[in-house]
Amino acid sequence: MKRASILLLSHLTRQNPKTLTPLLSRNYLSSNITTNNLKSCTKTNGLINKPHQFQANPSRNSGTLVGTTPQISSRQKKIKEKSQLEEAFESAATVEGMLEAFKDMEACFDERELGLALLKVGLKLDQQGEDPEKALTFATRALRVLDIGDEKPSFLVAMTLQLMGSVSYSLKRFNDSLGYLNRAKRMLGRLEEEGATAVEDIRPVLHAVLLELSNVKTAMGRREEAIHNLKKCLEIKEMTMDKGSKELGVANRELAEAYVAVLNFNEALPFGLKALDIHKSGLGDYSVEVAYDRKLLGVIYSGLEEHDKALEQNVLSQKVLKSWGLRSELLHAEIDAANMQIALGKYDEAINTLKGVVQQTEKDGGTRALVFISMAKALCNLEKIVDAKRCLEIALGILDKKETTSPVEVADAYSEIAMLYENMNEFETAISLLKRTQSMLEKLPQEQHSEGSVSARIGWLLLLTGKVTQAIPYLESAAEMLKESYGPKHFGIGYVYNNLGAAYLELDRPQSAAQMFAVAKDIMDAALGPHHTDSIEAYQNLSKAYGAMGSYTLAIEFQQRAIDAWESHGPSAHDVLMEARRIREQLKTKARDASTNQLPTKALPLPQSCPSGRNEETYIMTSLSARVKQA
């Protein structure tokens, strides 16, 4: 990664400002390399030190007469030539100059002496980012020299592995990248444990490794794991930076953004607020960083359905963006504000806001498409369906031309448009558009979470329109992709399993339905808590599945759990509580009738804890996801 390579290259240069040879030979590297080793290295190695000592006592040289110029041996000439080549390499300011100097060195140095130089060239090429294949070639050669097969961990080998992980990521070789980075992480951990290298030297490299791991896992769709690495990055920065540094504020904001990407707004909020506090204290209320922090907080508060707070942050952000003349960011902030107004039911205000924005956009620009999508949303809420459809047609006309150049942005916009067609009961149009979106996302591994969300929506719509058999593979695929992206306990996955349960019930497969509802309930309890309305309804879904199997004892038990949970909601849950009690009595009647007529059907084992949610909640999940992406 470019930023990491810049930091590591400067760190490597600080450690050893004008030396190559002492660090290049295998014999030197086979010893325990410490920071003191690096800092105490002089410009020359042991082979050069001996001639210097020899010249310091000229009387020992019987072939030299006083007052005459001493003869320089061929060996001394070779050492001097090497020293000059090293100086030329170290003084090179550009990658071209460094490559030219390195080519001269190759003619004079053995391969085993070039390890550090190879590493430095690789880092410089990775920093430039234009030729990752060449960077990988240098990194691979460096690793062959530096990794001598010793069991002892090596700091330079760890740096080389980080470089190889970074370059492999640039080449989209994600599995290779993970292998290199995980090995570097383990090696740095051993160095820290053994005290072989100073902690202050290990931390910058470990930070680069963890940051790259976060990028790779995000690209592979493993976003929960990526967040774990990103949190470790922040912990390192908190240990090494001033509490009020701008970079520490940015690190907090980046972690908040990562949580927003997985729709975990509760976890995102404290990091977003901390970023704002750091930047306000250090840079003032009218800094650009503060504006970006407030924009993100607007998204977070929207996700938490605290729309007044979201709009307040947005307005403050707009003031700063306007004062800095950041026109593009300001237009997007105004679109965000309109969406917040829509969420608050202020549809006419939102339309007026958008009318002002559309006049400032380019005719075929992506921003203009976003304006018409939000306009359609406001018109749809006002039940002006014809006008809303016209706005969507304009947006689609713009986006169609940008599928190749901006696939992620277009896919997000298509997903939002499909949701509006759902609201207008245009289900076939919505399904068609979502399938088009999915075909785009399939080519983008880093968007696996979006692809999973789209697949879940297609499955839900097919289920809603009675195409149950077609719905199941989409829902099953969605569950797997979302588990890989968000982890097994994300609430959105609970909704997918709930819909799978509903599909199996429709196909008269109650045992399979009960299994799906049980998984959903597990997830709902973990993500939302056992008294959340969706968790409660999971009990009722399980009761329905067991009832369909004729296992009335279990059906009654789960229905009773639902009743107990609804009772904790007080008067607001009166109607649903009465309905739940009615269903329980109905089940008791069926149980009595069954006991007199037939043996009870064998039931599935009682799950330790079991999940569910309403079919409509998949819509809520994906609606929220689309809103976040648009923001």
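Here are a few things to note about the model shown:
- Any hit, the range 581-596, residues being modelled with pLDDT under 50, surrounded by 14 or more Cβ atoms within 10 Å (Cβ to Cβ) and not aromatic (F, W, Y): no
- Residue within the range 433-440 that is of a type in the set (K, R), open to solvent by less than 40 Å² (accessible area, probe 1.4 Å), part of a helix (DSSP H, G or I) and at negative phi present: no
- Residue in the range 250-264 that is of a type outside the set (D, E, K, R), surrounded by fewer than 18 Cβ atoms within 10 Å (Cβ to Cβ) and more than 19 Å from V290 (Cβ to Cβ) present: no
- Just one of the listed residues (G345, G397, G365) is of a type in the set (G, A, S) and modelled with pLDDT under 95, namely G365.
- Every residue from the range 231-249 that is open to solvent by 40 Å² or more (accessible area, probe 1.4 Å) and without any contact (Cβ under 8 Å) to a residue 40 or more places away in the chain: K231, K232, E235, E238, M239, M241, D242, K243, G244, E247
- Of the residues S477, S485, the single one that is part of a helix (DSSP H, G or I) and modelled with pLDDT of 95 or more is S477.
- Selection from the range 366-397 of residues that are closer than 15 Å to L433 by Cα and buried (at least 22 other Cβ atoms within 10 Å of the Cβ): I373, L392, A395
- Scanning the range 139-177 for residues that are of a type outside the set (G, A, S), free of Cβ contacts under 8 Å to residues at least 40 places away in the same chain and open to solvent by 10 Å² or more (accessible area, probe 1.4 Å) yields a total of 10.
- Tally, over the range 120-138, of residues that are open to solvent by less than 50 Å² (accessible area, probe 1.4 Å) and without any contact (Cβ under 8 Å) to a residue 60 or more places away in the chain: 7
- The residue of the range 320-330 that is nearest to T367 (Cα to Cα), among those that are in contact with a helix residue (DSSP H, G or I) (Cβ under 8 Å, 6 or more places away or on another chain) and open to solvent by 10 Å² or more (accessible area, probe 1.4 Å), is S328.
- Qualifying position, being part of a loop (DSSP other than H, G, I, E, B), open to solvent by 30 Å² or more (accessible area, probe 1.4 Å) and on the phi < 0 side of the Ramachandran plot, among P571, P530: P530
- Looking only at the range 441-461, and only at residues there that are acidic (D, E) and in a helix (DSSP H, G or I), the one that is modelled with the lowest pLDDT: E447
- Scanning the range 179-213 for residues that are touching a residue at least 40 places away in the same chain (Cβ under 8 Å) and among the hydroxyl-bearing types (S, T, Y) yields a total of 1.
- Considering residues of the range 84-94 that are part of a helix (DSSP H, G or I) and surrounded by fewer than 17 Cβ atoms within 10 Å (Cβ to Cβ) only, the residue nearest to the chain's Cα centre (by Cα): S91
- Of L146, L114, L171, L125, all but one fail to be at pLDDT below 95 and in contact with a Ser or Thr (Cβ under 7 Å, 6 or more places away or on another chain); the exception is L146.
- When residues in the range 391-427 are screened for being assigned to a helix (DSSP H, G or I), of a type in the set (D, E, K, R) and in contact (Cβ under 8 Å) with a residue 24 or more places away in the chain, 6 of them pass.
- In this structure, N252 does not qualify as under 26 Å from H449 (Cα atoms) and modelled with pLDDT under 95.
- Identity of the residue in the range 222-272, part of a helix (DSSP H, G or I) and among the hydroxyl-bearing types (S, T, Y), that ends up nearest to Q313 (Cα to Cα): Y259
- Residues that are of a type in the set (A, V, I, L, M, F, W, C) and open to solvent by less than 40 Å² (accessible area, probe 1.4 Å) were ranked within the range 333-353; the one that is farthest from K309 (Cα to Cα) is I351.
- Scanning the range 509-527 for residues that are without any contact (Cβ under 8 Å) to a residue 60 or more places away in the chain and either under 27 Å from the mean Cα position of the chain (by Cα) or not in a helix (DSSP H, G or I) (or both) turns up R509, A526, A527.
- Only one of Y504, Y546, Y495 that is hydroxyl-bearing (S, T, Y), closer than 18 Å to V262 by Cα, open to solvent by less than 40 Å² (accessible area, probe 1.4 Å) and in a helix (DSSP H, G or I): Y495
- Residue in the range 551-569 that is in contact with a Leu (Cβ under 7 Å, 6 or more places away or on another chain) and free of Cβ contacts under 8 Å to residues at least 12 places away in the same chain present: yes
- The C-beta contact set for the range 487-508 (first residue among the hydrophobic types (A, V, I, L, M, F, W, C), second residue not in a helix (DSSP H, G or I), distance under 7 angstrom, 6+ apart or interchain) comprises A502/N615.
- Extreme residue, nearest to P488 (Cα to Cα), among residues of the range 549-566 that are open to solvent by 40 Å² or more (accessible area, probe 1.4 Å) and in contact with a helix residue (DSSP H, G or I) (Cβ under 6 Å, 6 or more places away or on another chain): R561
The values are calculated or read from the model by the stated rules, or taken from the named source; none is laboratory data. For clarity, every value in this text was computed on a predicted model and none was experimentally measured. Glycine gets a Cβ as well: all are built from the backbone with ideal geometry, and neighbour counts include every protein chain shown. Accessible surface areas use protein heavy atoms only, side chains included; no ligands, DNA or RNA. Shrake-Rupley method; radii C 1.70, N 1.55, O 1.52, S 1.80 Å.
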